[in-house]
1. Given 0.36 nm per residue, what is the gain on full extension from residue 244 to residue 298 after removing their alpha carbon distance, in nm?
2. Could the peptides 271-283, 110-122 be put in order, highest first, of the mean number of other beta-carbon atoms found within 10 Å of their residues?
3. With the Cα gyration tensor of the range 96-243 giving a ≥ b ≥ c as the square roots of its eigenvalues, does the rule (a/c under 1.5 for rounded; else a/b larger than b/c for prolate; else oblate) give rounded, prolate or oblate?
4. Of the beta bridges DSSP finds with both residues in the chain, what % are antiparallel, to the nearest 5?
5. Using a 10 angstrom cutoff on alpha carbons, build the Gaussian network for the chain and name the most mobile of 100, 260, 268.
6. So, in nm, how far is label residue 58 from label residue 186 when the simple model puts each one 7 Å beyond its Cα toward the Cβ?
7. In terms of the Cα gyration tensor, with a ≥ b ≥ c the square roots of its eigenvalues, is the range 166-315 rounded because a/c is under 1.5, prolate because a/b exceeds b/c, or oblate?
8. Who wins for biggest fluctuation among 293, 177, 105 in a Gaussian network model of the chain, springs between alpha carbons below 10 Å?
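Quick note: the coordinates plus some simple rules give every number you see, no bench work behind them. Quick caveat, the model's predicted, so the values are computed rather than measured. Neighbour counts run over all protein chains shown; Cβ positions are idealised from the backbone, glycine included.
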Ligand code: NAI
């Protein structure tokens with residue numbers, strides 16, 4: 001079986017080739033992202049494999065379906081880039097629900113520590129043989145309050161890490177787990193009370209721009225925001241204003257709402273047109289990796305292994321592992337025979 005692999009990076013290939021060979025899958029690697037214009041590259045392929053910034057909207061799905069593609073395999077947990085209703089009944093969509101929640105939670109903690117203790121400033125300074133400590137004063141995380149939005153797999157590991165630092169934890173989740181030993185509060189209370197807020201919920205219509213012009217004014221003065229979830233949880237322009245107004249003292253953004261045109265590519269030597277991103281990067285209290293939280297050896301291996309198993313189960317049985325729920329709308333009729341999935 002042939003799979004068109006979009007947005008391919010060198011670090012993707014070894015594990016996918018290894019597990020693909022074991023199952024007789026042939027991957028065709030394309031550096032370009034999937035979108036309606038590039039969908040034609042999947043000609044002759046039964047499936048496509050995509051990442052977080054590929055456009056798997058209706059137009060793309062229509063083109064893939066016409067080419068004979070019957071499965072889209074996401075190499076990610078999040079699937080906000082897929083029009084699941086447009087896929088329903090035509091193209092199966094599978095994902096990797098968990099590959100290393102520790103990778104993301106540890107990265108969020110790394111960003112927070114870097115920001116609080118100015119490690120990014122010290123690193124650059126010492127490379128220039130400047131050993132001065134002026135301007136590097138941080139603060140103890142111990143005793144501070146952290147707010148965690150989304151207490152699923154990643155959020156809970158992040159909570160454990162923060163408790164290890166001696167932080168008080170407040171949390172908000174739309175579907176809070178019972179008896180998890182977590183202090184659940186409403187979002188407004190969390191925004192008003194926390195010294196640090198870390199986002200670990202999916203991007204949905206409800207969570208789009210959780211941080212916006214209005215909500216940013218409700219944050220505790222001096223708050224540090226950490227976003228390793230999806231960029232559009234934060235309105236980037238509202239964040240810039242919040243920083244200029246001295247409400248937000250620092251932001252750690254592994255993700256950015258307009259990242260798809262920029263992240264994962266080398267723009268050194270080029271002019272980047274995104275003024276908001278350029279402004280954020282220019283600020284000394286903003287740290288922006290480029291959607292890197294998932295990037296560990298363990299996670300890459302798990303992503304490849306699970307994705308290949310998802311594809312293999314579909315080609316062998318017609319019933320893929322880790323299929324999305326398409327929210328077909330047939331609440332009464334939907335049989336949900338396969339672990340809550342319908343197709
Ligand atoms: P999960 O599904 O285990 O947890 C998500 C939690 O968010 C659930 O407890 C859910 O109830 C909660 N939630 C849903 N809607 C909500 C809302 N409106 N408000 C508050 N909470 C809500 O997911 P997991 O594995 O913990 O991943 C979380 C997010 O992290 C993913 O959706 C993805 O966007 C992001 N992610 C980022 C990566 C990166 O490299 N930066 C890598 C992997 C995931």
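1. Details: separation 54, 0.36 × 54 = 19.44 nm, distance 3.88 nm.
Stretched fully, the residue 244-residue 298 segment lengthens by 15.6 nm.
2. Working: 271-283: 13.1, 110-122: 18.6.
Highest to lowest by the protection proxy: 110-122, 271-283.
3. On the way: a/c = 1.69, a/b = 1.44, b/c = 1.17.
Prolate shape, in that a/c is at least 1.5 and a/b is the bigger ratio.
4. Working: 2 of 39 bridges.
Bridges in the chain that DSSP calls antiparallel: roughly 5 percent.
5. With Cα springs under 10 Å in the chain, the top fluctuation among 100, 260, 268 is at 268.
6. 3.6
7. Details: a/c = 2.08, a/b = 1.12, b/c = 1.86.
Oblate, since a/c reaches 1.5 and b/c is not below a/b.
8. 177
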